[in-house]
Amino acid sequence: MSTVFKKIIDRQIPADIVYEDEQSMVFKDIHPQAPVHLIVIPKKEIPTLNDLTEADEGLIGHLFVVIARVAKQLGLTGGYRVVVNCGPEAGQEVMHLHFHLLGGRSFGWPPG
């Protein structure tokens, strides 16, 4: 069964896409928790961080370069937060590896 993110990749459901390349996609979160709240995903279907293999090292590095590029394009010069949840107990709702890029406000520590 396809996840909602796979359906976005396949254009079966709409999303407000802000960046896309051969390996990744970035789109606006439908339930934003900050003025800027984007979802960054690999197009390769990887359910969780625990499912990464050594073959995915280049892809993960690419995703972080994309995050930095998009943050710069959006003018998040004061900082931003990147969050990844791994598994249901951590709050992962969609079983497709994804990163939350949050910015446009101050964040406290510790999170959640």
Quick check, is LEU97 of a type in the set (A, V, I, L, M) and not in a helix (DSSP H, G or I)?
yes
Taking segment 1-17, which residues are part of a loop (DSSP other than H, G, I, E, B) and surrounded by 15 or more Cβ atoms within 10 Å (Cβ to Cβ)?
THR3, ALA15
Pairing a residue in segment 57-83 that is touching a residue at least 12 places away in the same chain (Cβ under 8 Å) with any residue that is assigned to a helix (DSSP H, G or I) and small (Gly, Ala, Ser), where Cβ atoms lie under 6 Å and the two sit 6 or more apart in sequence or on different chains, gives TYR80/ALA71
Quick one: in segment 29-56, which of the residues that are of a type in the set (D, E, K, R), in a loop (DSSP other than H, G, I, E, B) and in contact (Cβ under 8 Å) with a residue 24 or more places away in the chain is farthest from GLY103 (Cα to Cα)?
GLU45
Tally, over segment 18-75, of residues that are touching a Phe, Trp or Tyr at 6+ places or on another chain (Cβ under 7 Å) and either surrounded by fewer than 13 Cβ atoms within 10 Å (Cβ to Cβ) or modelled with pLDDT under 95 (or both):
0
Which pairs have Cβ atoms under 6 Å, sit 6 or more apart or on different chains, and link a residue in segment 8-28 that is touching a residue at least 60 places away in the same chain (Cβ under 8 Å) to one that is of a type in the set (Ser, Thr, Tyr) and in a strand (DSSP E or B)?
VAL26/TYR19
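The values are calculated or read from the model by the stated rules, or taken from the named source; none is laboratory data. Since we're looking at a predicted model, the values are computed, not measured. FYI the Cβ positions are ideal-geometry reconstructions off the backbone, even for glycines, and counts take in every protein chain you see.
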